Each structure stands twice: as structure tokens, then as C-alpha cells.
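Before any comments, here is the structure.
The values are calculated or read from the model by the stated rules, or taken from the named source; none is laboratory data. Please read these numbers as outputs of a predicted model, since none were measured by experiment. In this analysis, Cβ positions are derived from the backbone assuming ideal geometry, glycine residues included, and neighbour counts consider all displayed protein chains.
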């Protein structure tokens, strides 16, 4: 049985070196993501590894330690991430790490430990002993290696191509960057979108901290007309992959094709930068509209499953979810923002 060590991926310089080498490393593994979580919500990052402190880092699984009086303490790999693969090379190593994670979860009296994996090619029933599937999502990835014209031709003709052409006829103004002004425009659209969906917006501090921690790998894209912002995307970049993380819009202008047009601009930007993939993130299985939109972009889909140890409590009732959604759709913007500041600190 290998000895399992714990390290701080924000302070341990070996962590970034491991991410550069490992093919499964993503933006959600990075010290920048962990630092943003710490600055905004106070979450502590912990990485489990078989590597001793005085040697090179060969492997690791990173977790966010969420301490909450409202939702309970728990370990999540990692908070607010779409996915976070274990960075290991063998079933045996992963099995030993997960055993240690279970023991640590029990020792710290945490409610549960949760892993968010895109695929489980290293896992068997034995390695998953004690971890149960808790929730599944649809995950989409767009291959950027084909020629730009071939990527465009793979878009759905009526749902994507024609809307892009409509947007171009409307002479929309495109802006990209990370200035305070662009963040404010993005955030106003985010409030509209989150209210439409019946959920509070993330605190503005989260996006400022993302920008400050990721630097040039953070970008906001905005489509405007007559000086009015109509839609926006927020993307992050790591190695050869662009990650679409947030999107928001004014629904009264959807007919202008603003969102398909912004995604097309993001694809063009990624191609020009020599990137190989656009990670479109996860979609709730109860949101067929979003899943269809990503399918229409020509992205490849797969099931993403979260696993928990031990099996967590009862799921929230659909009636309670419906009632809270109805409430958020009617709250004034200042109260909605305040609700988001309180809620996300305890969500993870």
C-alpha cells in the first residue's frame, strides 16, 4: 500500500509542473482556479498524492474543502467546476488515493466527498467501492483541429449558420477584453439571465477574482447594438483548450442571433490562437434546449457523472425548487445580488 500525502496546490510549485505534463489536466485543476475559490469563498484546496514532499509530483487528486454552517462541511473535486479528472496513471494508484480520501472524509466528519469525472476509464467496481453516482450531466466538446470553414459547415444550418448570418447583417459590434467596464456589462446581462432562470447571480467578486487570477487567460466577449450590450460570453484558457464557462444575454434580442454569433467569434479566436478544443462545459439533463444548442454547434457529447462518498441525503424536492425559482424571478436586482453572495458561499 502506497503512502498518501497531502499538499496545497496553490503553494506547491510542483503542482503546476504536473498540470503541464498530464494530458487530463484542465483549467479547473489550476492554482488560478483554486486561488479564485479561496479569495471569493474561503475554500481551502487540498491535493492527495503518492509523491513525497521532497520528490517530484507524479500524480494527484485535488479537492476544495468547503466549510459551511448552512450546508455542512464537505470535499468537492472541485468547487464550481464542470469536471476535474484524477491525475493518475494506474488503477492501483487511484484505488489507494480514493481509500485515503474516504478515510480523510470520515476523520474530518465531513458530510461527503464528491468527484466530478468526465470519464472513468481507470475505474472498476472495486475502485469505486464506497462512492455512488449522485448526478449526471451532458458534457460537450468542440474539436477545433479541422479547417475553420469545415467547423462552420458542421453547424446546424437553420439554428446556427443562419443566425450567425442574421447577426452579421445586423452590424453588431463585437468587443473582447477584461476591463472593469466589460465586466460590468457582462454582469448586468448575467443578472437578467439568472433571473430568467430563477436563480441568483454569482457575486461580482467571483468574476473580478477570476480575471485577476487568470490574467490574459480570462476573456469577456460582448455583442452590442446601438451602444446596448445584448449578449456576452466568458471564457478561460489552459494549454491548448478554451473553456466556455458563462454565457448571458438579453432574451428580447435573441432573434438577432447574438449568442450563435458570439460562439462563432470565440471559435475564430481559438483557431487563430492555435487551440485544439473548445470545452463547452456541462449541461443539466433537464435542460434539453441548452443540450440541443451545443449539439447544433457540432460538438461531441458524453455523459459526465458525479460520484459521492458516502451516498448523500435526500434530493431537494421539485416543489421547493419551483417555489425558489418563482421567488428569484421577481426579486429586485440588489436583493438578487445579495442572495447570490450568500448562496454561493455555501454551494460549491
>> Go through (1) modelled with pLDDT of 95 or more; (2) within 17 Å of the chain's Cα centre (by Cα) for residue 118 and report which single condition fails.
In response: (1)
>> Testing residue 184 on (1) part of a helix (DSSP H, G or I); (2) farther than 23 Å from residue 238 by Cα; (3) touching a residue at least 24 places away in the same chain (Cβ under 8 Å), one condition comes back false. Which one is that?
In response: (3)
> Only one of 90, 73, 64, 77 is in contact with a strand residue (DSSP E or B) (Cβ under 8 Å, 6 or more places away or on another chain) and surrounded by fewer than 20 Cβ atoms within 10 Å (Cβ to Cβ); which?
Replying inline: 73
>> If the requirement is being touching a strand residue (DSSP E or B) at 6+ places or on another chain (Cβ under 7 Å), part of a strand (DSSP E or B) and within 25 Å of residue 271 (Cβ to Cβ), which of these qualifies: 211, 221?
In response: 221
> Of the residues in the range 265-286, how many are outside any helix (DSSP H, G or I) and either outside the structural domain of residue 176 (by TED's automatic domain parsing) or closer than 16 Å to residue 297 by Cα (or both)?
Replying inline: 8
>> Here is a check on your reading of the model: is residue 188 at pLDDT 95 or above and touching a strand residue (DSSP E or B) at 6+ places or on another chain (Cβ under 8 Å)?
In response: yes
>> Checking residue 148 against (1) at pLDDT 95 or above; (2) touching a strand residue (DSSP E or B) at 6+ places or on another chain (Cβ under 8 Å); (3) not assigned by TED's automatic domain parsing to the domain that holds residue 101, only one condition comes out false. Which one?
In response: (2)
> Does the range 33-41 contain at least one residue that is touching a residue at least 12 places away in the same chain (Cβ under 8 Å) and either part of a loop (DSSP other than H, G, I, E, B) or assigned by TED's automatic domain parsing to the domain that holds residue 280 (or both)?
Replying inline: no
> Inside the range 151-165, can you point out the residues that are within 15 Å of residue 292 (Cβ to Cβ) and either outside the structural domain of residue 262 (by TED's automatic domain parsing) or exposed (fewer than 13 other Cβ atoms within 10 Å of the Cβ) (or both)?
Replying inline: 157, 158
>> Please pick out the residue among 26, 38 that is within 30 Å of residue 340 (Cβ to Cβ) and surrounded by fewer than 21 Cβ atoms within 10 Å (Cβ to Cβ).
In response: 38
> What about residue 299, is it at pLDDT 95 or above, under 22 Å from residue 210 (Cα atoms) and buried (at least 18 other Cβ atoms within 10 Å of the Cβ)?
Replying inline: no
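For every residue, the table says whether it meets (1) at pLDDT below 85; (2) under 30 Å from residue 103 (Cα atoms); (3) crowded, with 19+ Cβ neighbours inside 10 Å.
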residue: 265; (1), (2), (3): no, no, no
residue: 279; (1), (2), (3): no, no, yes
residue: 282; (1), (2), (3): no, yes, yes
residue: 308; (1), (2), (3): no, yes, yes
residue: 319; (1), (2), (3): yes, no, no
residue: 323; (1), (2), (3): yes, no, no
residue: 326; (1), (2), (3): yes, no, no
residue: 345; (1), (2), (3): no, yes, no
residue: 348; (1), (2), (3): yes, yes, yes
> When you go through 2, 45, 25 one by one, which is the residue that is part of a loop (DSSP other than H, G, I, E, B), touching a residue at least 12 places away in the same chain (Cβ under 8 Å), touching a helix residue (DSSP H, G or I) at 6+ places or on another chain (Cβ under 6 Å) and closer than 20 Å to residue 104 by Cβ?
Replying inline: 2
> Could you say whether any residue in the range 257-267 is out of contact with any strand residue (DSSP E or B) (no Cβ under 6 Å at 6 or more places or on another chain) and free of Cβ contacts under 8 Å to residues at least 24 places away in the same chain?
Replying inline: no
